[in-house]
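To keep things clear, I will list the structure first and then write my remarks on it.
The values are calculated or read from the model by the stated rules, or taken from the named source; none is laboratory data. Here the structure is a predicted model, which is why all the values come from computation and not from measurement. No Cβ is skipped: glycine too gets one built from the backbone with ideal geometry, and neighbour counts run over all protein chains shown. Ligands, DNA and RNA are excluded from the accessible area calculation, which covers all protein heavy atoms including side chains. Shrake-Rupley method; radii C 1.70, N 1.55, O 1.52, S 1.80 Å.
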Amino acid sequence: MNTDTLNVSVVESRPFSDQRPGTSGLRKSVSEFQQAHYLENFVQSIFDSLGGCVGRTLVLGGDGRYYNDRAIQIILKMAAANGFARIKVGRAGILSTPATSCVIRKYRADGGIILSASHNPGGPGGDFGVKFNIDNGGPAPEKITEAIFKRSREIDQYKILQAADIDITQLGESQLGNMVVEVIDPVADYEKLLESLFDFDLISKLVTSGKFRMCFDAMHAVTGPYARAIFEKQLGAPAGTVRSGEVLADFGGGHPDPNLVYARALVDIMYGAEAPDFGAACDGDGDRNMILGRKFFVTPSDSLAVMTANHRLVPAFRGGIAGVARSMPTSRAADRVAEELGCRHFETPTGWKFFGNLLDAGMATLCGEESFGTGADHIREKDGMWAVLFWLNILAARRQPVEEIVRQHWMKYGRNYYSRHDYEDVETDRAHAVVEQLRGKLGGLTGKRFGGFEVGSADDFAYTDPVDGSVSERQGLRISFTDGSRIVLRLSGTGTRGATIRVYLERFEPDAARQNMDTQAALADLIAVSSELAQIRQLTGRDRPTVIT
Ligand code: VG1
Ligand code: CO
């Protein structure tokens, strides 16, 4: 077939002014995405920013949320009209974010589109999103997302093939115009990759021993099929180990964010009578994870530190690691482990896209964020299933309860009490006023005392990428105290309603005798200082956070 004979429509369109990707892709309510030409304009802006689509290969999938099915058909037809040679699409449109990264890398595709608003709720009244990943399998870096945004503001047409919908429920290849649509198994390649990293025999012995019970909550989001295939089928964990394993378009009405607030069902099991030994959950698109022991919560910052300290138990890391990278608001627990190991550690802005260069350059091996994200150099996304398997590998090798492993870790390295306070859906102007007010104070804070705390340094975090020298400014206000405590404040880049203020609190406690406090109590003095500095109550009228994690 030749392009001239293809039934391509060039559709006139007008730009939307609000298509700037945030921390992780473009996220809006479903109804905004359903406006005429909205999705099409953004997808065409991605294609136009690629410097040519002809002959290229793209990976396409999503987390199964509402509107995925329609969006996939639209993108397939647009890709065909724009000259792509091949699209690998997950069966029924399913591909988790980490699995997409894996497939892009394995088949050397030119990029991928993930249809997900991650941990945001789904359904007709929920959110939708589009993430674009580049050929290293990772989220597009800022210079690319800015180019896409720029293009979206001037775009006046898009191309789409006039054709019937393609059946993507069966594996195999079919033709759409000149493009091959290849429907792939969403789990197979990713499962093989994970199997190559961990000691599956050892983990299988643990989960089939009858002496160890685990519970995994897929929150009716994308990890259900992955977890069933890997934990139950491949590793032999008893049927029923995976809860809420069916992917539902509205996630069963839940909020697929694996934390103590939204993963309530799992938390109740893990803190109830007869609690299992190990519990875990993942988010909407499978890149986040929460780790729980019996009546015990592992903060994501501690999880990264414990993984780093125990990396040699995992076959993939037996030869050592080059370095650890964490996002700026993530606690500094992993830094101390890196120092003891003699490996490098890095502090990057929030968002996985900032780890890509460090991983590509072999400077960092493990990465993590306080927002329930951990991952490594096997792909270029954070990886929920990977994190759960890493913990299972540690548990299988050490044969100790989760709580004991973490407490021993604190005894050796000290404990970073850590919490994040979110104020959601704040009126945008008021949220900006909070940031401006605090930013204005930063210059005069060093040396000042607040309660028992003395400010050691205060700045608006700017990051210079050590690989390509690119600079990202205004990445969060941080105030460090001389005793190692920190307060960080930034606005979320993933919300879809109003603005979300995030306050991150961290206090270091080296004394083992004082490592057993309740987190909020241990941070109470610092929380008081943060209220005084940030003036959230005065400037927004909010007297308490919406979500505490
Ligand atoms: C949040 C988290 C950030 C994470 C991002 C994407 O961003 O804080 O650490 O990388 O979500 O996660 P923000 O800007 O709202 O703080 V996900 O699971 O969307 O891919
Ligand atoms: Co996610």
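Can you give the FRET efficiency for D511 and A85, using 1/(1 + (r/R0)^6), R0 = 45 Å, r = Cβ-Cβ distance, to the nearest 0.05?
0.15
With the contact rule set at Cα under 8 Å and sequence spacing of 6 or more, what percent relative contact order holds for the chain?
13 percent
For a Förster distance of 22 Å, can you work out the FRET efficiency between the beta-carbons of Y271 and K211, rounded to the nearest 0.05?
The value I calculate is 0.60.
Ranked highest first by average number of other Cβ atoms within 10 Å, how do 28-36, 380-388, 409-417, 61-69 line up?
Those peptides, ordered most packed to least, come out 380-388, 61-69, 409-417, 28-36.
What's the FRET efficiency of D185 with S29 using the Cβ-Cβ distance as r and R₀ = 35 Å, to the nearest 0.05?
Details: r = 32 Å, r/R0 = 0.90.
After rounding to 0.05, the efficiency reads 0.65.
Which value does Rg/Rh take for segment 415-548 over its C-alpha atoms, Rh per Kirkwood?
Values: Rg = 15.4 Å, Rh = 15.7 Å.
Reported Rg/Rh (Cα atoms, Kirkwood Rh): 0.98.
Would you please state which residues of segment 409-434 a label at V261 would reach in this model, taking the label point 7 Å out along Cα→Cβ and a backbone N cut-off of under 13 Å?
What the label zone holds, given the 13 Å backbone N cut-off, is 420-426.
Ignoring any ligand, DNA or RNA, what whole percent of the accessible area of segment 190-413 comes from carbon and sulfur when the probe is 1.4 angstrom?
Roughly 49 percent of what the probe reaches on segment 190-413 is carbon or sulfur.
Straight-line reach from K412: which aspartates and glutamates have Cα under 15 Å away, leaving out those fewer than 8 places along the same chain?
Partners found: D302, D335, E339, E340, E403, E404, E509, D511.
Given a cut-off of under 8 Å on Cα pairs at least six residues apart, what relative contact order in percent is computed for segment 2-185? Working shown, then result.
Working: 386 pairs, mean separation 64.2, N = 184.
Relative contact order of segment 2-185: 35 percent.
Using the Karplus equation 6.51 cos²θ - 1.76 cosθ + 1.60 (θ = phi - 60°), what ³J(HN,Hα) coupling, rounded to whole Hz, does each residue of segment 503-518 give in order, writing x for Gly and Pro?
Once rounded to whole Hz, the list reads 10, 10, 10, 8, 9, 8, 10, x, 7, 4, 5, 10, 9, 10, 7, 5.
Report, ordered by chain and residue number, the lysines lying within cross-link reach of K192, taken as a straight Cα distance under 16 Å and ignoring same-chain residues fewer than 8 apart.
In chain and number order, the partners are K106, K233.
Can you tell me the accessible area per residue over segment 190-413, all protein chains present, probe 1.4 angstrom, in square angstrom? Don't jump to the answer; show the numbers that get you there.
Details: 7150 Å² over 224 residues.
Normalised by residue count, the accessible surface of segment 190-413 is 32 Å².
Which ³J(HN,Hα) values, rounded to whole Hz and listed in residue order, are derived for segment 318-324 from phi using the Karplus coefficients 6.51, -1.76 and 1.60 in 6.51 cos²θ - 1.76 cosθ + 1.60 with θ = phi - 60°, glycine and proline given as x?
My calculation for segment 318-324 gives 4, x, x, 10, 7, x, 10 Hz in order.
When averaged across all projection directions, what area in nm² does the alpha-carbon convex hull of the chain cover? Mind dumping the intermediate values first?
Values: hull surface 96.8 nm².
Mean orientational projected area (the chain, Cα hull): 24.2 nm².
Please provide three numbers in whole Å: the alpha-carbon extents of segment 222-371 along the principal axes, with the largest listed first.
Result, largest extent first: 42, 29, 27 Å.
Cross-link list K77/K159; K353/K382; K159/K353: which exceed 18 angstrom alpha carbon to alpha carbon?
Over 18 Å Cα-Cα: K159/K353.
From the P(r) of segment 2-185, can you give the percent of Cα pairs sitting at distances over 30 Å? Walk me through the intermediate numbers first.
Values: 1468 of 16836 pairs.
Percent of Cα pairs beyond 30 Å in segment 2-185: 9.
Would you mind pulling out the separation of the Cα centroids of segment 61-108 and segment 233-290, in Å?
Segment 61-108 and segment 233-290 have Cα centres separated by 25 Å.
Give the cross-link partners of K295 among the lysines, using a straight C-alpha distance below 18 Å as the criterion and excluding same-chain residues fewer than 8 apart.
The qualifying lysines are K211.
Residue separation times 0.36 nm, minus the C-alpha to C-alpha distance between R312 and S9: what's the value?
Numbers: separation 303, 0.36 × 303 = 109.08 nm, distance 5.57 nm.
Computed gain between R312 and S9 is 103.5 nm.
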